[in-house]
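Here the structure is laid out as structure tokens; the discussion comes afterwards.
The values are calculated or read from the model by the stated rules, or taken from the named source; none is laboratory data. What you are looking at is a predicted structure, and each value in this text was computed from that prediction instead of being measured. So basically every Cβ, Gly included, is an ideal-geometry build from the backbone, and we count neighbours across all protein chains shown. Note: accessible area is taken over every heavy atom of the protein model, side chains too, but ligands, DNA and RNA are not part of it. Shrake-Rupley method; radii C 1.70, N 1.55, O 1.52, S 1.80 Å.
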Amino acid sequence: MAIEPVVYGASDRPPRGDYARAGADYTCTQDYAAYTAQDHDTYARLFRRQAALLPGLACDEFIAALPSLGQRPEDVDRIPRFDEVNERLLRATGWQLVTVPGLIPEVPFFTLLSERRFPVTDWIRRPDEFDYIVEPDVFHDLFGHVPLLFNPVFADYVQRYGQGGLKAHALGACEQLSRLYWYTIEFGLIRQHGGLRAYGAGILSSSGELRHAVQSPEPQRLPLQLERTMRTRYKIDSYQSTYFEIDSFQQLFDLTEADFSPLYERLRGLPELAADQVEHPAALAA
Ligand code: PHE
Ligand code: FE
């Protein structure tokens, strides 16, 4: 079966998961019995390290929702069962986690999101990949993405993104739209408490990038603007050189509400921008 990871950009390696386990919609069941004691320990250590870093760097909504995963940093000792998280998530926002073997192609991915079903990889990185893994594993998918699915506005945004993805696919604009996913759902920053906080899962699940994204003077930070964001390429194997900021999830929702068809049309006539293309923020005003 040809797997074309789109969200994380084209990869030259075959994906790591076992896709023979998956059905036609790419979902499977969480293979809980397959986890070793080492797997559970890796998850617990990642959770504790990352939870300790969050104050001052993660957005309020993420910190508030983290306990909804059902574990506290003081006593986390295992990978959660997705079914247990699902009971709480269904009550909060009507979303459900579904298990996948890894990255899945764009149409099944968008379809799941449009149905308020979030694909979560069940396997976990090896201990030698503790600090960094290119492909999303259960720690990235669960710890990084799931807390904000408990936030009603953000949860609606992700569903809208899925619906928009199916439309973008029909219009040949997946690459443009996937940059919006990248720079919001994966690497978004939000203005809070007179400063910046992270809400993107790629940042929140990375110990190094969390500090880099929020505090380092190195990267460029621009206000989120659809056209600029969808023209900007991204890096899948290093920290981002450009981040885009929002004021609130409601602003993100409102900004992406309009029909993107004319925007895709306009983007066809505009050159792409490098990930580190410098821009004066004033050029993005309005
Ligand atoms: N408004 C977009 C469209 O018309 C859909 C969308 C919503 C995309 C939210 C991303 C996020 O295609
Ligand atoms: Fe992700």
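The table below lists the values:
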{"read-out": "Residue that is nearest to GLN192 (Cα to Cα), among those in region 242-278 that are of a type in the set (Val, Ile, Thr) and touching a helix residue (DSSP H, G or I) at 6+ places or on another chain (Cβ under 9 Å)", "value": "ILE246"}
{"read-out": "Residue under evaluation LEU255, criteria (1) open to solvent by less than 30 Å² (accessible area, probe 1.4 Å); (2) in contact with a strand residue (DSSP E or B) (Cβ under 9 Å, 6 or more places away or on another chain); (3) under 26 Å from ALA173 (Cβ atoms), criterion not met", "value": "(1)"}
{"read-out": "Residue within region 69-81 that is in contact with a strand residue (DSSP E or B) (Cβ under 8 Å, 6 or more places away or on another chain) and in contact (Cβ under 8 Å) with a residue 40 or more places away in the chain present", "value": "no"}
{"read-out": "Cβ-Cβ under 9 Å pairs, at least 6 apart or on other chains, region 140-168 side within 15 Å of SER68 (Cα to Cα) and open to solvent by 40 Å² or more (accessible area, probe 1.4 Å), far side assigned to a helix (DSSP H, G or I) and away from ligand 1 (no atom under 15 Å from the Cβ)", "value": "PRO152/ALA92; PRO152/THR93"}
{"read-out": "Hits in region 52-63 (condition: open to solvent by 20 Å² or more (accessible area, probe 1.4 Å) and of a type outside the set (Asp, Glu))", "value": "ALA52, LEU53, PRO55, GLY56, ILE63"}
{"read-out": "Subset of region 258-273 that is exposed (fewer than 15 other Cβ atoms within 10 Å of the Cβ) and more than 8 Å from ligand 1 (Cβ to nearest atom) - its residue that is nearest to THR232 (Cα to Cα)", "value": "GLU272"}
{"read-out": "So ASP137, is it acidic (Asp, Glu), buried (at least 22 other Cβ atoms within 10 Å of the Cβ) and away from ligand 1 (no atom under 16 Å from the Cβ)", "value": "yes"}
